[in-house]
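Engineer: The structure that follows is given in the form of structure tokens.
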Amino acid sequence: MTLEASEFQRIAARVAERASELLCTPVLVTNEQQVVVASSDPARLGHAFAADDAITCEPCTRLSLHLDGHDGEVVVTEPGEHEATSPRLTQALIDLVVNQVTVVDRLPDKYQLKDKLIYDLLHGVGDPAALLREAKVLAMDLTTPRAVILIDAAEFILRPGPVVRDEPDSGAPRRRAQLIIGSTASFFQLPDDSICAYLGDGEIGVLKASNSSSLDPWVDVTDGVGQPSASWSNLTALKRAAEALLVRLRGDTRSTINIGVGRYHPGVRGLAASYQDARAALSLGRRVQGQDGVHCLDSLGIAAFVGVADEQTKLDLAAHLLSPLDHEPELIRTLDVFFAEDCCPSTTAGNLGIHRNTLSYRLDKVRSLTGLDPRRFDQAVQVRLALLLRSLR
């Protein structure tokens, strides 16, 4: 793979700057056409080297430069007579500078390493112990319980055209992704509260701290939020946080944004499970609930039971939806009979030996506890499927 001309020019500029500092004399770099592409003296940029009397009249040392398919010259103007550097030493210094600049230039920066690490974490790649060590080196705290918030900002990140005037199109997606990341980190305020990375294809992964203290601004007293010992704990507060973040990102980008929220799963491997939850919710939610919203498995209705491939996730979802009825055997029995009687109130009441008003009271209590009304078709299907899956456990 060869360097693009712009890359050659960028590296040449760093060579000229560093060599000039070390040799205490003007240094310039020409390309194959003998045009000055980098210089410690900006006035010389763009001049044809052979035709520039201001340069050729000065004593100088000319050294060949070869960088991955591009050829040029490093031209070192000699200082005063009593400060002259031997050509051999000059050559050695220039070789050292070129090697240093090119090696450092090709090292991945901290943000690239962080993006790669988070990508591996979310896709379950690598040894957990090694990932934890690497995260520690990059100052990422993975000991805090975290759930994944997946931001689909493709309309903003991947749209054609530069983000600012005169910026190359190739750099625009990365720059826009950084804008989303900066806005997200600013929204959650604490830098270690939300660890963000660009995952490609217009998506940002956020490892959001999901313990009670981190979610306090979005907790309602009726939520019953506690430590995330179970996968669905704190999910209501997480969704509120995501909805508030969506408002911020809409205002910052003036584009359609979709967000998927994953459950908390314990351990380093739990981040991959949370990511799969968020990805499934995002994919289904965009199709079922429409664009520009926050999507979570427990808010997708029947679609979650039909569209999610993982059987364990469906079993977990069923248990979560019915968990408010765990200590209500009478209500579970009532629902079983109600569905067995094709949701007919009169035959259900007769079968149970209760008055229809009592049946209505029990169904109202189911709705109050679970948020699902067994008398409404879509919600009744959810309850019926959840009961069936719960019985299969």
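The values are calculated or read from the model by the stated rules, or taken from the named source; none is laboratory data. Only a predicted model underlies this, so the values are computations on that prediction, with no experimental measurement involved. Note that each Cβ is placed from the backbone with ideal geometry, even for glycine, and that neighbours are counted across all protein chains shown. Heavy atoms of the whole protein, side chains included, go into the accessibility calculation; ligands, DNA and RNA do not. Shrake-Rupley method; radii C 1.70, N 1.55, O 1.52, S 1.80 Å.
Engineer: Just give me the residues in segment 250-263 being out of contact with any Gly (no Cβ under 7 Å at 6 or more places or on another chain) and buried (at least 24 other Cβ atoms within 10 Å of the Cβ), in sequence order.
Structural biologist: ILE257, ILE259, VAL261, GLY262, ARG263
Engineer: Just one of (1) in contact (Cβ under 8 Å) with a residue 24 or more places away in the chain; (2) open to solvent by less than 10 Å² (accessible area, probe 1.4 Å) trips up ASP201, so point out which.
Structural biologist: The number of the failed condition is (2).
Engineer: Open to solvent by 40 Å² or more (accessible area, probe 1.4 Å) and not basic (Lys, Arg), is that true of GLY301?
Structural biologist: Taking the combined requirement at face value, the residue does not satisfy it.
Engineer: Another one. Can you go through GLY126, GLY182, GLY161 and tell me which one is farther than 30 Å from ASP216 by Cα and modelled with pLDDT of 85 or more?
Structural biologist: Testing whether each residue is farther than 30 Å from ASP216 by Cα and modelled with pLDDT of 85 or more leaves just GLY126.
Engineer: How many residues, within segment 373-393, are touching a Pro at 6+ places or on another chain (Cβ under 9 Å) and either in a helix (DSSP H, G or I) or at pLDDT below 90 (or both)?
Structural biologist: 3
Engineer: Is segment 141-149 home to any residue that is in a loop (DSSP other than H, G, I, E, B), crowded, with 18+ Cβ neighbours inside 10 Å and at pLDDT 80 or above?
Structural biologist: yes
Engineer: To continue, here is another question. Check ARG362 against each of (1) surrounded by 14 or more Cβ atoms within 10 Å (Cβ to Cβ); (2) over 13 Å from ILE332 (Cβ atoms); (3) among the basic types (Lys, Arg) and name the one condition it does not meet.
Structural biologist: Failing condition for ARG362: (2).
Engineer: Go through the residues of segment 164-175 one by one and say whether even a single one is surrounded by 21 or more Cβ atoms within 10 Å (Cβ to Cβ) and modelled with pLDDT of 80 or more.
Structural biologist: No, segment 164-175 has no match at all.
Engineer: Return the residue satisfying two criteria in turn: it lies in segment 383-393 and is within 16 Å of LEU331 (Cβ to Cβ) and open to solvent by 70 Å² or more (accessible area, probe 1.4 Å), and of such residues it is nearest to the chain's Cα centre (by Cα).
Structural biologist: Among them, the one singled out is ARG390.
Engineer: Among the listed residues ALA309, ALA380, ALA340, identify the single one that is buried (at least 17 other Cβ atoms within 10 Å of the Cβ), out of contact with any helix residue (DSSP H, G or I) (no Cβ under 6 Å at 6 or more places or on another chain) and of a type in the set (Gly, Ala, Ser).
Structural biologist: Of ALA309, ALA380, ALA340, the one residue that is buried (at least 17 other Cβ atoms within 10 Å of the Cβ), out of contact with any helix residue (DSSP H, G or I) (no Cβ under 6 Å at 6 or more places or on another chain) and of a type in the set (Gly, Ala, Ser) is ALA380.
Engineer: Would you list the strands (runs of 3 or more DSSP E) that sit entirely within segment 1-71 and hold 2 or more residues that are at pLDDT below 80 and open to solvent by less than 60 Å² (accessible area, probe 1.4 Å)?
Structural biologist: Here the list reads 60-67.
Engineer: Pull up segment 280-298, narrow it to residues that are surrounded by fewer than 19 Cβ atoms within 10 Å (Cβ to Cβ) and of a type in the set (Gly, Ala, Ser), then point me to the one that is nearest to ASN234 (Cα to Cα).
Structural biologist: So the residue we want is GLY293.
Engineer: Among the residues of segment 366-377, count how many are open to solvent by less than 70 Å² (accessible area, probe 1.4 Å) and either touching a residue at least 60 places away in the same chain (Cβ under 8 Å) or over 17 Å from ASP298 (Cβ atoms) (or both).
Structural biologist: Matching residues across segment 366-377 total 1.
Engineer: Condition test on ALA241, is it hydrophobic (A, V, I, L, M, F, W, C), touching an Asp or Glu at 6+ places or on another chain (Cβ under 6 Å) and modelled with pLDDT of 80 or more?
Structural biologist: Criteria not met by ALA241.
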